[in-house]
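Here is the structure we will look at.
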Amino acid sequence: MQDTRDTRYTMLKGGGNIKVESIDEGKFSQIAEEVRIKAVNHIRDEKPEAFSAPAQSRDYLRASVRKIALESGAPDINRIVDAVSNDILGFGPLQRLLDDNEVNELRYYKYNNGEYEKNGRLHRIEDSKLLFLSEEHMRRTAVKIAQSAGRRLDESSPIVDARLPDGSRVSAVLKGVSLHGSTLMVRRFPKFFSLDELVAMGYLNEEAKAFLKMALKNKWNIVVCGPMGSGKTTCANSFTGEVDTDVLTIEDPIETRPLNDRVRQFEPILPNIEDKGGVKLSYIVQTVLLRTRPGLLLFGECRDFNTFFVLTGMNTGTHSITTVHSVNCYDAVMYRLPILASMSSEGQSMGMNYLLGLVASSVDVAVYSGLIKHDDGRIERRVLEISEVVPKWVNDMLLPDVRVIFKGANLVQVAEPKLLKKGEGGRVA
């Protein structure tokens with residue numbers, strides 16, 4: 001049987017350690033939960049306003065937790081105080097990792113098993129302070145995260161995609177849907193970079209940057225594609241710093257932070273618990289977009305039937321950018337976008353030929369952002385392909401012709417773009 005005791009040591013003067021106690025993790029979890037409940041009740045009775053401003057009341061909250069822990073005779077007081085305070089002040093064991101700006105991604109496969117990505121490398125979480133105490137502890141934290149984003153997470157709605165106050169994206173799935181216990185994933189955006197900064201980081205080269213700057217200047221519509229976690233959102237966001245106009249974003253949830261001081265950002269609102277109210281993405285596209293005339297429209301990720309409304313929005317003549325998961329530029333344009341658009345009732349009624357024509361008339365450039373995994377475990381994000389999308393007529397059907405312009409890890413230019421002929425008011429046909 002596995003020993004779940006957590007042995008603690010303290011440093012002696014002059015060097016050396018002495019073992020001070022062994023704590024069974026199950027017992028520790030029980031004690032921490034008892035202290036948390038008592039501390040919450042104590043603070044609610046004595047100073048309830050502390051909960052509405054936890055950052056300003058940090059010292060008071062920690063002192064209250066320590067007082068309750070001491071009165072309860074809890075072992076390992078410092079660890080108890082850290083665990084309970086992080087629960088009250090933030091998001092439990094996640095908080096320390098969220099406070100580290102070098103951490104890009106967190107993955108909890110179950111309450112006591114996880115890993116994180118830091119500086120391009122994945123690390124197993126071995127410090128017990130960074131793991132949850134129990135399934136219930138993890139579930140409670142996930143529900144708190146969902147509530148902070150105005151989302152719902154319970155038995156009737158066991159999956160949530162939400163946004164933390166710092167802009168991080170959270171995906172949580174409760175036990176039941178997830179076989180081995182609740183799961184939690186956090187993708188962080190600690191900093192959004194300009195296009196020049198991305199070049200300095202090796203994400204793309206000067207030649208590719210010059211082409212993309214020209215595309216943005218000519219108001220060509222761009223789709224950034226690639227696998228999960230490859231930097232698509234970061235790339236799309238960098239384009240907002242290259243335009244001298246206002247930016248409007250429509251995302252679900254909002255992830256971007258445009259590098260522009262003329263910004264309006266919108267996201268759908270889910271219906272309430274009675275399935276009433278709410279604002280759909282399609283309604284935002286049809287009303288906000290068509291009535292506000294933005295200079296640049298940045299759509300969130302295309303991942304479901306809403307792709308149809310994204311494409312129709314891009315086809316209004318407004319300069320637009322969006323992202324989609326794919327294995328290369330050709331796949332994004334010829335398969336992923338039209339198939340996703342066909343999931344809507346409108347797309348189904350129009351058929352695949354019409355949707356391919358819609359893509360051809362909506363997208364000008366596709367940028368593929370990929371992942372390069374090195375032997376030492378390092379993960380590098382880099383633009384690996386840039387293609388232009390030229391609409392062409394084939395047997396009375398308008399289809400997208402995807403032509404690779406830059407290709408490979410070094411982004412070697414392999415063709416001259418035909419879209420150079422495109423004027424601000426027209427397209428190549």
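What follows is calculated from the coordinates using simple rules that are stated; it is not laboratory data. Model, not experiment: these values are computed from the prediction. Don't worry about glycine lacking a Cβ; one is built from the backbone with ideal geometry, like all the others, and counts go over all protein chains shown.
A helix-only calculation puts the chain at -8500 deg cm²/dmol for mean residue ellipticity at 222 nm, using -39500 (n - 2.57) for each DSSP H run of at least four residues, averaged over all residues. The modelled label-to-label distance between Ile339 and Val394, using points 7 Å beyond Cα along the C-beta direction, is 1.8 nm. Pairs of Cα atoms in the stretch 142-192 fall into 10 Å distance bins, from 0 up to the last occupied one, in shares of 28, 51, 18, 3 percent. Given the stretch 22-89, what whole percent of its Cα pairs are spread farther than 14 Å? Taking all Cα-Cα pairs of the stretch 22-89, the fraction more than 14 Å apart is 52 percent.
On C-alpha positions alone, give me the angle between the axis of helix 352-362 and the longest principal axis of the chain, in degrees, nearest 10. It works out to around 90 degrees.
Given a cut-off of 30 Å, name the pairs among Lys38/Lys110; Lys191/Lys407; Lys110/Lys280 whose C-alpha atoms lie farther apart than that in the structure shown. Before the final figure, lay out the partial values.
Details: Lys38/Lys110 27 Å; Lys191/Lys407 27 Å; Lys110/Lys280 32 Å.
Among Lys38/Lys110; Lys191/Lys407; Lys110/Lys280, the Cα-Cα distance tops 30 Å for Lys110/Lys280.
Projected over all directions and averaged, the alpha-carbon convex hull of the stretch 122-163 occupies 3.9 nm². The modelled label-to-label distance between Asp246 and Ala415, using points 7 Å beyond Cα along the C-beta direction, is 3.8 nm.
Less than 10 Å Cβ to Cβ from Arg151, Lys/Arg counted +1 and Asp/Glu -1: what total charge do the surrounding residues give? Residues close to Arg151 contribute a combined charge of +1.
By the rule of a C-alpha distance below 13 Å, with chain neighbours fewer than 8 residues away ignored, the aspartates and glutamates paired with Lys213 are Asp196, Glu242, Asp244.
Which loop GluC sites (Glu not before Pro) in the stretch 80-181, with loop taken from DSSP, have no more than 16 other Cβ atoms within 10 angstrom of their Cβ? Don't jump to the answer; show the numbers that get you there.
Values: sites: Glu102, Glu105, Glu115, Glu117, Glu126, Glu135, Glu136, Glu155; in loops: Glu102, Glu126, Glu155.
Sites meeting the loop and neighbour criteria: Glu102, Glu126, Glu155.
An ellipsoid equivalent to the stretch 337-420, defined through the eigenvalues of its Cα gyration tensor, has semi-axes of 31, 19, 7 Å when rounded to whole angstrom and sorted largest first.
Could you calculate, for the stretch 243-383, the ratio of the Cα radius of gyration to the Kirkwood radius, expressed as Rg to Rh?
Result for the stretch 243-383 is an Rg/Rh of 1.00.
Pairwise Cα distances in the stretch 90-190 exceed 17 Å for 45 percent of all pairs.
Express as a percent, rounded to the nearest 5, the fraction of DSSP beta bridges in the chain (both residues included) that run antiparallel. The partial results should precede the final answer.
Numbers: 55 of 77 bridges.
Taking every DSSP beta bridge with both residues in the chain, the antiparallel ones total about 70 percent.
Rg/Rh for the chain (Cα atoms only, Rh after Kirkwood) is 1.05.
Taking 8 Å as the Cα distance limit and 6 or more residues as the minimum spacing, I'd like the relative contact order of the stretch 90-190 as a percentage. Intermediate results must be reported in sequence, preceding the final value.
On the way: 181 pairs, mean separation 28.2, N = 101.
About 28 percent, as a whole number.
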